[in-house]
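Following: one structure in structure tokens, then a few remarks.
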Amino acid sequence: MANEDDHPLVLINTFTVASVDQDHLVALLTQVTCESIVDAPGFLSATLHRSLDGRKVVMYARWRTAAAYTAMRQSGQSQLALDAIAKIATFQPGMYQIVDEFRPGRL
């Protein structure tokens, strides 16, 4: 079995929010990502999604290693924004490892 640090860590966080707060949640997640996360060591990328029904927001983020993600969380730089997010949304965090990626033309 491969070492977990041989594969990027993928975080998929699903936030549930009142539809009137979806735009505010998107703004908070955008702010914390731009101000505290994009320059963190080991950060690779993030994609922010909003549901069409206005009730969910999903953040898909890739980190070089689980340790890099943990170090960013322990730095406390994002805590104020996370506190504000917790006031308007609940979320289900998930840590994953990519097993395979499917693209057109790939056998």
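Just so you know, all these numbers are worked out from the coordinates, no wet-lab data involved. Just so it is clear, the structure is predicted and the values come from calculations on it, not from any experiment. Quick reminder, even Gly has a Cβ in these numbers, built from the backbone with ideal geometry, and neighbours come from all protein chains shown.
The figures follow:
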quantity	calculated
Dipole magnitude (debye, nearest 20) for the stretch 17-97, charges at Cβ of Lys, Arg, Asp, Glu	240
Estimated inter-spin distance, Thr30 and Ala71, nm [label 7 Å along Cα→Cβ]	3.0
Computed over the stretch 17-97: relative contact order in percent, which uses C-alpha pairs under 8 Å that are six or more apart	37
With Cα atoms, 0 to 90° folded angle of helix 79-88 axis to the chain main axis	60
Normalised convex hull volume, the stretch 1-73, alpha-carbon set, Å³ per residue	88
